[in-house]
Amino acid sequence: MLIIYIAGFIVCMGLALGLTPLVKKFAIKIGATDVPNARKVHTKIMPRLGGLAIFLAFVLGLLAVLPIIPYEFTPREVNFIKALLCGGGLIVLIGALDDRFELSAKVKLLGQIIAACIVVFGFGITVDFVNIPFNNTYSSLESWIAIPLTIFWIVGVTNAVNLIDGLDGLAAGVSGIAIATIAAMAFVMGNTMVAMLCLLLLGSIIGFLFFNFHPAKIFMGDTGSLFLGFCLALLALLGFKQIAVVSFITPLLIIGVPLSDTFFAIVRRKLQKKPIFAPDKGHLHHCLRELGFSHRQTVLIIYGIAAFFGILAVIQSSAALYEANWVTFVVICIMLFFLQIGAEITGLIGKTKRPVLNAIARLRMKASQERGSKL
């Protein structure tokens, strides 16, 4: 099985390497290009639609691997794969239309809701129960809660990944790290179906990154960012057989970078009395660039942050298997502390909003004064 999955990973990476130049030519031919403006970092017209290469490589690789897998999937797993392909296909279509025709935010949101409804109502996939971190039991969810919660999760994560797509290779790399984290957890839990999907998708992303890392030759566009967000939403929350032992903290950690950036963007815009969906240059990658980091350094720093979240997710989920709830508590505290400190240092909320750093500075000043008085 492992050999087949590794072969599938290599096949998908090769397909992405071969398909991306073709998609680039196609994007230029139909006018799916990104024009520079005040909010964007690039200074020349760039072809978009690169996510189409990721999607095609993933689907073709999946079709090549499925017939040779010596394993019979359960009905739930078959439904999951169908939901991923059908919902993901609609998301790719919406993203491709946006890359070419610049759809309005409302139209894109409606399309995402329809894709989420396909998953929920078409294939019966919902969040059936949750595991509370400090309780050894798990609670079943009524359908009137499970259905809107699942739709909200899918739409929210899909948009969160879309929001961080602001630098060459950023969204693809962060998504790849999150997917690699899910793959590692799936292997530990013995969930071969999720591990397979993650490896195929990861191979497609890495193949595309050869053309998307700085300096990029093609952007993934909404075609790619929406598709990867959609895949992450499903894989992070619904892809585990033993979901009862995975608390609700785990999927939040896996996609910590896009979710935290989205959260701080909402807070920032509320404080500035701007519409939530109003674009700005206050995202994490913008703030790091303002601190003086180069394009490539900024992307690598965010990769490191994504990897940090991934490690926390693996630690937390592994501890949950042994009901070590104190580890979950420690992980939550570490996550919240670093999120707040990082937001204040980079200015994610605002240049003057630094309550924790100011408190630390006052304590240091007070301690210095006390030492001076003793001398």
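In this model, which of 44/353; 274/366; 106/273; 108/270 are farther than 26 Å apart at the alpha-carbon? Long pairs (Cα-Cα over 26 Å): 44/353; 274/366.
The phi-based Karplus calculation (6.51 cos²θ - 1.76 cosθ + 1.60; θ = phi - 60°) puts the 3J(HN,Hα) values of region 144-151 at 5, 9, 4, 5, x, 5, 5, 4 Hz, whole numbers, x for Gly and Pro.
Report the local net charge at residue 53: Lys and Arg +1, Asp and Glu -1, summed over other residues whose C-beta lies under 13 Å from its C-beta. All intermediate terms of the calculation are to be shown ahead of the outcome.
Details: positive: 24, 25, 48, 217; negative: 99.
Around residue 53, the charge tally is +3.
Using alpha carbon centroids, what distance separates region 1-33 and region 51-88, in Å? Taking the Cα centre of region 51-88 as reference, the centre of region 1-33 is 16 Å away. Select from 196, 335, 365 the residue whose mean-square fluctuation is largest in a Gaussian network model of the chain (Cα-Cα springs shorter than 10 Å). Its mean-square fluctuation being the largest, the pick is 365. Which one, (1) 58; (2) 52; (3) 46, gives percent of Cα pairs over 28 Å apart as derived from the coordinates shown? Read-out from the structure maps to (3). Within the set 82/217; 29/281; 25/217; 217/281, which residue pairs have Cα atoms separated by over 21 Å? Distance filter (> 21 Å) returns 82/217; 29/281; 217/281. The candidates 4, 360, 218, arranged from most to least accessible area with a 1.4 Å probe in the full protein assembly, appear as 360, 4, 218.
Apolar share of the accessible surface for the chain: 70 percent from carbon plus sulfur atoms, 1.4 Å probe.
Converting phi to 3J(HN,Hα) with the Karplus coefficients 6.51, -1.76 and 1.60 and the offset θ = phi - 60°, region 167-178 yields 10, 4, x, 6, 5, 5, x, 5, 4, x, 5, 5 Hz in sequence order, with x at every glycine or proline.
Taking the Cα centre of region 1-92 as origin, work out the dipole magnitude from +1 charges on Lys and Arg Cβ and -1 charges on Asp and Glu Cβ, in debye rounded to 20.
Values: 9 positive and 3 negative charges, 118 e Å.
Computed charge dipole of region 1-92: roughly 560 debye.
Taking Cβ atoms as reference points and 13 Å as the exclusive limit, the residues near residue 26 contribute a net charge of +4, counting Lys and Arg as +1 and Asp and Glu as -1. The phi-based Karplus calculation (6.51 cos²θ - 1.76 cosθ + 1.60; θ = phi - 60°) puts the 3J(HN,Hα) values of region 261-274 at 5, 5, 4, 5, 5, 5, 4, 4, 5, 5, 5, 8, 6, 10 Hz, whole numbers, x for Gly and Pro.
Near residue 33, the amide H atoms lying under 5 Å from its own belong to 48; only residues 5 or more places off or on other chains count, and H is placed 1.01 Å from N.
The values are calculated or read from the model by the stated rules, or taken from the named source; none is laboratory data. Note that the structure is predicted; figures quoted are calculated from it, not measured. All Cβ positions, glycine included, derive from the backbone under ideal geometry; neighbour counts span all protein chains shown. Ligands, DNA and RNA are excluded from the accessible area calculation, which covers all protein heavy atoms including side chains. Shrake-Rupley method; radii C 1.70, N 1.55, O 1.52, S 1.80 Å.
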